[in-house]
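Trainee: I'd like to ask some things about the structure below.
The values are calculated or read from the model by the stated rules, or taken from the named source; none is laboratory data. Please read all numbers here as calculations on a predicted model, not as lab measurements. Don't worry about glycine lacking a Cβ; one is built from the backbone with ideal geometry, like all the others, and counts go over all protein chains shown. Note: areas computed on protein heavy atoms with side chains; ligands, DNA, RNA excluded. Shrake-Rupley method; radii C 1.70, N 1.55, O 1.52, S 1.80 Å.
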Amino acid sequence: MTTDFICPCCSGDHYDRCCAPLHRGERVAATPEALMRSRYSAFALGGLGEYLLETWAENAPGRPPSDAAMLNVRTVDWQRLEILQTRVNGAQGMVEFRAWYLEDDREQTLHERSRFRRSAGRWRYVDGVIDPPAMALAGRNDPCPCGSGRKYKKCCAGQ
């Protein structure tokens, strides 16, 4: 398979310099956004179920069984990715994105706020909220609107 094409993650870079090294295990994602982009590319290209499982946090809610075969199959035609915002606070990260895809010849949009956790030097996908409410300003002692479950002052306010 040739890797000389623009990366599906919409970074504007060639796949062989963007997500391919992560998919091949030559390097790890430095940020939650880089991991999000590489996971999107894996879904868009198909056949990268092992990578998707490796980058999914163990014991995360919604994590599929360890059989990567179901993750290898492209179920929709992914069209483009737009990163809306990212946040990192220590070993916790959040990426809000929109992804467009074709299903049954109709364009649809997935809007998600994904949570990531860094463990043993690697970022991993934890879970996501689909069609999340707009990020509201929160008081210092309010729950953080990123969905971490922590107080705002101990989470995103410190960024």
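Trainee: Can you name every residue in region 1-28 that is in a loop (DSSP other than H, G, I, E, B), open to solvent by 10 Å² or more (accessible area, probe 1.4 Å) and either touching a residue at least 12 places away in the same chain (Cβ under 8 Å) or of a type in the set (G, A, S) (or both)?
Mentor: T3, D4, P8, C10, S11, G12, C18, G25, V28
Trainee: Only one of (1) open to solvent by less than 80 Å² (accessible area, probe 1.4 Å); (2) within 16 Å of A34 (Cα to Cα); (3) not acidic (D, E) fails for A68. Which number is that?
Mentor: (2)
Trainee: Could you check, for region 84-92, whether at least one of its residues is open to solvent by 30 Å² or more (accessible area, probe 1.4 Å), assigned to a loop (DSSP other than H, G, I, E, B), modelled with pLDDT under 85 and not basic (K, R)?
Mentor: Scanning region 84-92 turns up no residue that is open to solvent by 30 Å² or more (accessible area, probe 1.4 Å), assigned to a loop (DSSP other than H, G, I, E, B), modelled with pLDDT under 85 and not basic (K, R).
Trainee: Next question. Just for region 93-115: of the residues that are touching a residue at least 40 places away in the same chain (Cβ under 8 Å) and farther than 15 Å from C10 by Cβ, which one is surrounded by the fewest Cβ atoms within 10 Å (Cβ to Cβ)?
Mentor: By that ranking, first place goes to S114.
Trainee: So which residues in region 31-52 are open to solvent by 30 Å² or more (accessible area, probe 1.4 Å) and in contact (Cβ under 8 Å) with a residue 60 or more places away in the chain?
Mentor: If the condition is that a residue be open to solvent by 30 Å² or more (accessible area, probe 1.4 Å) and in contact (Cβ under 8 Å) with a residue 60 or more places away in the chain, then T31, E33, A34 are the ones that fit.
Trainee: Of the conditions (1) acidic (D, E); (2) more than 19 Å from R118 (Cα to Cα); (3) assigned to a helix (DSSP H, G or I), E33 satisfies every one except a single condition; which number is it?
Mentor: Only one criterion is unmet by E33, namely (2).
Trainee: Please go through region 116-128 and give me each residue that is open to solvent by less than 40 Å² (accessible area, probe 1.4 Å) and out of contact with any Phe, Trp or Tyr (no Cβ under 8 Å at 6 or more places or on another chain), ordered by number.
Mentor: Scanning region 116-128 gives D127, G128.
Trainee: Which members of region 63-72 meet the condition of being in a loop (DSSP other than H, G, I, E, B) and either modelled with pLDDT under 80 or in contact with a strand residue (DSSP E or B) (Cβ under 6 Å, 6 or more places away or on another chain) (or both)?
Mentor: Selection gives R63, P65, S66, D67, A68.
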